[in-house]
Amino acid sequence: MRLKCVDCGSRCSLEPFQVRCGCGGLLEVEQELAMVDAELLKRRFQERLSERMGVYASGVWRYKELIFPELPDEYIVTKYEGNTGMYAPEPIRETLGIRGLYFKAQSENPSGSFKDNGMTVAVSHGRSLGYSAFACTSTGNTSSSLAMYAAMGRSQAYVFVPNRKVSANKVLQTQAYGARVLSFDGTYDDGIRFLEKRGEELGLYVCNSVNPLRIEGQKSIIYEIAQTLGWSLPDWIIIPGGALSNVSALGKGLADLKSLGFIPSVPRIALIQAEGASPFHRMMASGSPVLTPAPRPDTLASALNIGNPPSWKKARSVMEMSSGVTCSVTDAEILAAKAQIDRSGIGCEPASAATLAGLQKLVAEKTITKDETAVCILTGNLLKDTDVLRGSFQDIPVDLSGSDWEALLR
Ligand SMILES: *Cc1c(COP(=O)(O)O)cnc(C)c1O
Ligand SMILES: [Zn+2]
């Protein structure tokens with residue numbers, strides 16, 4: 001396994017570790033899939049579904065041969081991430097009127113978001129290189145995930161969190177796992193720049209969204225959906241986009257499955273951004289060759305509040321490979337979709353609900369037709385970003401003494 005620069009094409013090894021190529025481009029892991037016996041792998045992946053302990057019980061490390069075959073098991077820190085539910089709520093599908101609809105609940109991951117799929121791989125890789133200090137910049141979910149794995153691996157996590165527009169729940173969760181939270185006056189994008197410039201010399205293993213090992217772990221989301229459906233996939237994969245690491249990862253996972261012959265063709269990806277933070281959608285819609293950052297990203301979906309998504313070039317290649325489409329949705333549309341997902345009993349944080357809001361829009365404008373099937377990736381848990389729920393529900397009186405209990409039901 002080695003790393004390849006997506007800009008200049010030069011290759012380097014994983015050790016010593018660097019987040020970016022010398023030219024400034026993003027790196028990606030190059031796997032040697034040609035050497036893999038696909039049928040044997042499929043059988044192994046199936047057998048491992050019955051494991052309850054050990055690394056192969058993880059919904060990420062189950063696919064170790066496609067993710068990080070060389071990593072010795074002793075370095076792996078796992079909380080059996082992945083292994084999440086896939087749901088097909090009839091009422092939502094009927095309202096939309098399409099043939100098939102699934103929600104893949106990455107919100108059920110141990111720290112409450114899909115960031116765990118990638119973070120288990122990054123932290124395990126860092127441990128194998130001897131690091132004991134890990135760092136990231138985060139809108140909240142990356143930091144909770146890193147804090148959790150660092151604690152499991154008896155390492156220290158340092159997380160840089162912007163002092164505005166982050167969810168208090170996420171920051172508290174991060175602190176509770178024992179991470180040092182460093183709050184700074186600036187945006188997510190400023191924090192990324194600082195760590196990329198100084199992280200290595202400070203002896204930190206940098207786990208920002210561009211970390212290529214995180215991308216490898218996040219690929220497993222696609223593998224797991226495909227395996228659940230008997231190695232097939234719906235016509236559309238609907239993904240919310242912030243830093244655009246997830247769409248890059250899922251696209252890479254699709255390309256893997258196609259080249260292994262596990263799936264006959266690549267489904268189409270629909271990437272949904274929040275209107276207040278939609279520089280990638282704007283670029284794609286305008287046909288511009290380069291991304292113009294949004295200087296003041298502004299959406300209540302905190303996990304999508306990113307103005308300068310680092311992985312936009314990878315995301316654009318994924319769009320080309322999958323004949324993908326992009327769209328943007330308003331905060332009001334996000335909240336309405338979230339209410340539907342919450343009331344179905346699945347539940348999610350606002351950023352995840354952008355998927356359903358986008359799907360509704362794409363069905364209405366007939367980009368997605370009624371005879372097609374789709375899976376929405378629900379990225380984060382209902383409990384993550386509860387501030388947005390304040391005001392949606394009646395206040396509950398705290399003192400119930402003296403109540404007429406039966407009257408309460410009326
Ligand atoms: C990180 C995150 C996103 C955005 O994913 P990117 O890889 O940054 O595009 C969406 N939803 C939730 C809940 C997240 O935590
Ligand atoms: Zn390069």
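Read-outs throughout are calculated quantities, based only on the coordinates presented, and are distinct from any laboratory measurement. Small disclaimer: the values here were computed from a predicted structure and weren't measured. Cβ placement follows ideal geometry from the backbone for every residue including glycine, while neighbour counts extend to all protein chains displayed.
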Residues of segment 280-296 classified as surrounded by fewer than 23 Cβ atoms within 10 Å (Cβ to Cβ) and in contact with a helix residue (DSSP H, G or I) (Cβ under 9 Å, 6 or more places away or on another chain), total: 11
Residue selected from segment 99-134 under the condition aliphatic (A, V, I, L, M) and farther than 21 Å from residue 384 by Cα, by the criterion farthest from ligand 2 (Cβ to nearest atom): 101
Residue in segment 79-91 that is surrounded by fewer than 18 Cβ atoms within 10 Å (Cβ to Cβ), farther than 30 Å from residue 196 by Cβ and charged (D, E, K, R) present: yes
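Among the strands (runs of 3 or more DSSP E) lying completely within segment 112-218, list those that include at least 3 residues that are in contact (Cβ under 8 Å) with a residue 60 or more places away in the chain.
Numbers: elements: 133-137, 156-162, 180-184.
Fully inside segment 112-218 and qualifying: 133-137.
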Residues being surrounded by fewer than 18 Cβ atoms within 10 Å (Cβ to Cβ), hydrophobic (A, V, I, L, M, F, W, C) and part of a loop (DSSP other than H, G, I, E, B) - total across segment 3-22: 2
Count - residues of segment 1-48 that are within 16 Å of ligand 2 (Cβ to nearest atom), without any contact (Cβ under 8 Å) to a residue 24 or more places away in the chain and within 30 Å of residue 229 (Cβ to Cβ): 0
Number of positions in segment 282-312 that are within 16 Å of ligand 1 (Cβ to nearest atom), more than 16 Å from residue 208 (Cβ to Cβ) and not in a loop (DSSP other than H, G, I, E, B): 5
